[in-house]
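J.: Can you read through this structure? Questions will come right after.
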Amino acid sequence: MVGRLVVHTWPVVDEELVSARRPRDVVDAAGAWIGDALAADGFGWLRAVRSVQRQAGGLVQQIVLQPSSHNRADRLIKISTHVSVRDPGLRQWRLAHAGRVVPSSDGDVVCGHPLGYASGRVNGHLYGDAQDGDVELTEPSQRRAQLTRFVRMVREAVLPWFVEASEPSSIVTSRAGDYSLPFTVMEWLASRDRVDLVCDYAERYLACNPGIEQRFRSGSSAAVGGQPIPPINDLAVVAGWSSTMLTTNLGSAA
């Protein structure tokens with residue numbers, strides 16, 4: 001991973017958060033503030049990739065801060081947030097099974113989506129909205145309060161999301177599994193020798209997305225016929241192809 005985790009002291013972080021004016025400085029100060037607030041949970045701020053992250057069970061759990069393209073000093077400073085789980089070992093597994101995974105075959109992403117989708121349980125809902133992960137940082141005097149609310153949401157909703165997303169047995173029925181690209185989840189399950197869960201996940205994917213059965217079967221038929229990956233712009237077709245490729249004689253070909 002590029003860069004290093006940084007932990008600050010609270011007075012310095014608070015001062016930087018309030019005094020920062022340029023959007024990129026505000027975002028960096030916000031990341032440092034969140035990292036310090038979540039330090040007891042094992043997180044730190046990785047400035048190079050604008051990620052608040054930790055390692056857990058050999059996986060990397062990330063909260064990535066994404067500045068708005070409309071940010072302007074003294075006018076608008078806003079960030080959206082994205083959660084993901086990465087498995088460093090998944091990259092090598094994908095390279096070793098390049099003919100059976102969806103290109104590009106060298107990534108380590110297990111799952112990921114806008115943080116707001118993981119926030120629903122704070123309000124008693126199964127899912128949240130993507131915008132629920134946005135943080136408004138324009139007014140310096142309100143930044144600490146905004147980030148305090150954000151960190152509370154992370155502790156109540158996102159930390160449980162990471163737990164669900166980091167175990168093969170629970171990701172299959174999790175918010176992470178429902179909102180992530182299906183083939184990334186399937187490939188991770190297969191890499192963990194849980195081909196049985198690839199089948200379970202495919203069944204849930206079909207149940208959660210009514211009306212895609214024919215397209216899913218089309219992708220599956222392509223895999224059975226030994227055809228290469230279909231165009232990736234139709235996730236249902238790709239999911240069908242991936243599911244079949246990963247559950248049919250996985251060990252016989254790379």
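The values are calculated or read from the model by the stated rules, or taken from the named source; none is laboratory data. Predicted model, so just to flag it, every value in this text is computed and none were measured. We place every Cβ from the backbone using ideal geometry, glycine too, and count neighbours over all the protein chains shown. Accessible surface areas use protein heavy atoms only, side chains included; no ligands, DNA or RNA. Shrake-Rupley method; radii C 1.70, N 1.55, O 1.52, S 1.80 Å.
J.: For n ≥ 4 DSSP H runs only, could you compute -39500 (n - 2.57) per run for the chain, divide by its residues and tell me the 222 nm figure to the nearest 500?
T.: After summing the helix terms and dividing by residue count, I get -12500 deg cm²/dmol.
J.: Along the charge dipole of the chain, pointing to its positive end and built from +1/-1 on Cβ of Lys, Arg, Asp and Glu, which listed residue (PRO182, VAL109, LEU65) has its Cα farthest out?
T.: Working it through, the farthest residue towards the positive pole turns out to be LEU65.
J.: Find the relative contact order for the chain and round it to a whole percent, using C-alpha pairs within less than 8 Å whose residues are 6+ positions apart.
T.: Result for the chain is 14 percent.
J.: Taking amide H positions as placed in the peptide plane 1.01 Å from N, state which residues far from SER119 in sequence (5 or more) or on other chains have amide H under 5 Å from it.
T.: Correct list: GLY128.
J.: Quick one: length gained pulling ALA73 to SER170 fully straight, 0.36 nm per residue minus the C-alpha distance?
T.: Using 0.36 nm per residue and subtracting the Cα-Cα distance, I get 30.6 nm.
J.: Quickly work out the GLU139-to-ARG24 label distance, labels modelled 7 Å from Cα along the C-beta direction, and quote it in nm with one decimal.
T.: About 2.8 nm separates the two model spin labels.
J.: If you take every residue apart from SER169 with its C-beta less than 12 Å away from the C-beta of SER169, what net charge results, scoring Lys and Arg +1 and Asp and Glu -1?
T.: The answer is -2.
J.: Using the Karplus curve 6.51 cos²θ - 1.76 cosθ + 1.60 with θ = phi - 60°, what ³J(HN,Hα) values do you get for each residue of the range 72-88, in whole Hz, with x for Gly and Pro?
T.: 9, 4, 6, 10, 7, 9, 9, 10, 9, 10, 9, 10, 7, 10, 10, 10, x
J.: How large is the charge dipole for the chain, taken about the Cα centre, if only the Cβ atoms of Lys, Arg (+1) and Asp, Glu (-1) carry charge, to the nearest 20 debye?
T.: 400
J.: Of the listed values (i) 64, 18, 14; (ii) 38, 22, 20; (iii) 37, 18, 16, grab the one calculated as semi-axes √(5λ) of the Cα gyration tensor in Å from the structure here.
T.: Label of the calculated value: (iii).
J.: So what is the accessible area of the chain per residue, in Å², with the probe set to 1.4 Å?
T.: With all protein chains present, the chain gives 47 Å² per residue.
J.: Quick one: which residues, 5+ away or cross-chain, put their amide H under 5 Å from the amide H of ALA20? H built at 1.01 Å from N.
T.: Amide H neighbours of ALA20: none.
J.: Under the Kirkwood approximation applied to all pairs of distinct alpha-carbon atoms, what is the hydrodynamic radius of the range 179-233 in Å?
T.: 12.1
J.: Probe radius 1.4 Å, ligands and nucleic acids ignored: give me the carbon and sulfur share of the accessible area of the chain as a rounded percent.
T.: Looking at the chain in its full context, I get 50 percent from C and S.
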